[in-house]
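J.: My questions will all concern the structure given below.
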Amino acid sequence: MAGRYRVWAGLAGLGLAALGAPPAQAREVVAFPYAAAPGSVVVSASERRLYLVNGDGTAIRYPVAVGKPGKQWFGTTAIDGKYVRPAWSPPAEVKRDNPRLPNLIAGGSPGNPMGAAALTLSGGQYAIHGTNRPSSIGTFASYGCIRMYNQDVVDLYQRVEVGATVTMMR
C-alpha cells in the first residue's frame, strides 16, 4: 500500500513564515509516565490524542482525528519528511470512495485535506497533517492519517525532527 498518500513537496521550500498563521500554542503539557524517548510521538487512537514526549515525565498533548474503523493502523514508524502546505493527490481507495475528487489538489487550496503542514511517515502510506475540516478533530475520520488542527500541526512541525519515532497505540 505504499504511496497511499502522496504528498507533493513543491511548496516545501516556502517555510513556515509563508503559512501566515499566528504563532501556535501547544494544547497542554501533561504527565506522561510511559517509556518513550524525548522527541518521539505517541498517538492514542482510543483517546484521539497525540503526545510529543518531552523526556522529563511530561508530554505535549494535542487533540487529533484518527482512522475510521477498518482504516486504522497500529505499530511504530518514523517521520520521513516535513512539508509546508503540501499539494495532495488522492490515493486510489479515497478516489474510489469519492470519484468527484480531482487528481491533484494544490497546496494551500481550501479543498486540500493536508492543511498547513504534513509530516510524512515511513512507508509512504500515512502522514500527520493539518486539516481543512477542523470539526473532524476528536473523531475517527481519516483513511489512516492523523489529522491535527492547523495551528497544532505547525507547532508540532517546529518541534519534531525527521527520523523521530511515531507509535500508534490502540
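J.: Conditions: (1) surrounded by 15 or more Cβ atoms within 10 Å (Cβ to Cβ); (2) at negative phi; (3) in contact with a helix residue (DSSP H, G or I) (Cβ under 9 Å, 6 or more places away or on another chain). R85 meets all but one. Number of the miss?
T.: It is condition (2) that R85 fails.
J.: Name the residue that is nearest to K82 (Cα to Cα), counting only residues in region 125-145 that are within 12 Å of the chain's Cα centre (by Cα) and small (G, A, S).
T.: It comes out as A127.
J.: I'd like to check something: does region 108-123 contain any residue that is within 15 Å of V166 (Cβ to Cβ), crowded, with 18+ Cβ neighbours inside 10 Å and of a type in the set (S, T, N, Q)?
T.: Scanning region 108-123 turns up at least one residue that is within 15 Å of V166 (Cβ to Cβ), crowded, with 18+ Cβ neighbours inside 10 Å and of a type in the set (S, T, N, Q).
J.: May I pose another question? Look through A31, A59 and report the one residue that is surrounded by fewer than 13 Cβ atoms within 10 Å (Cβ to Cβ), modelled with pLDDT of 95 or more and either in contact with a strand residue (DSSP E or B) (Cβ under 6 Å, 6 or more places away or on another chain) or among the aliphatic types (A, V, I, L, M) (or both).
T.: That would be A31, the only listed residue that is surrounded by fewer than 13 Cβ atoms within 10 Å (Cβ to Cβ), modelled with pLDDT of 95 or more and either in contact with a strand residue (DSSP E or B) (Cβ under 6 Å, 6 or more places away or on another chain) or among the aliphatic types (A, V, I, L, M) (or both).
Let's see how each residue does on (1) of a type in the set (A, V, I, L, M, F, W, C); (2) touching a residue at least 40 places away in the same chain (Cβ under 8 Å); (3) touching a Leu at 6+ places or on another chain (Cβ under 9 Å); (4) part of a loop (DSSP other than H, G, I, E, B):
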{"site": "L50", "(1), (2), (3), (4)": "yes, yes, yes, no"}
{"site": "D56", "(1), (2), (3), (4)": "no, no, no, yes"}
{"site": "A65", "(1), (2), (3), (4)": "yes, yes, no, no"}
{"site": "G81", "(1), (2), (3), (4)": "no, yes, yes, no"}
{"site": "V94", "(1), (2), (3), (4)": "yes, yes, yes, no"}
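J.: Can you confirm whether region 74-94 contains a residue that is modelled with pLDDT under 95 and of a type in the set (V, I, T)?
T.: Within region 74-94, one or more residues are modelled with pLDDT under 95 and of a type in the set (V, I, T).
J.: Here's a follow-up. State which residue is farthest from the chain's Cα centre (by Cα) when the search covers only region 27-42 and only residues that are more than 18 Å from Q158 (Cα to Cα) and assigned to a strand (DSSP E or B).
T.: Once the filter is applied, the top-ranked residue is A31.
J.: What number goes with the only condition from (1) over 16 Å from W73 (Cα atoms); (2) of a type outside the set (V, I, T); (3) free of Cβ contacts under 8 Å to residues at least 60 places away in the same chain that L121 does not pass?
T.: (1)
J.: Additional query: Take region 124-170 and flag every residue that is free of Cβ contacts under 8 Å to residues at least 40 places away in the same chain and in a helix (DSSP H, G or I).
T.: Within region 124-170, P134, S135, V153 meet the criteria.
The values are calculated or read from the model by the stated rules, or taken from the named source; none is laboratory data. Model, not experiment: these values are computed from the prediction. Counting neighbours? That spans all protein chains shown, and the Cβs are built from the backbone with ideal geometry, glycine included.
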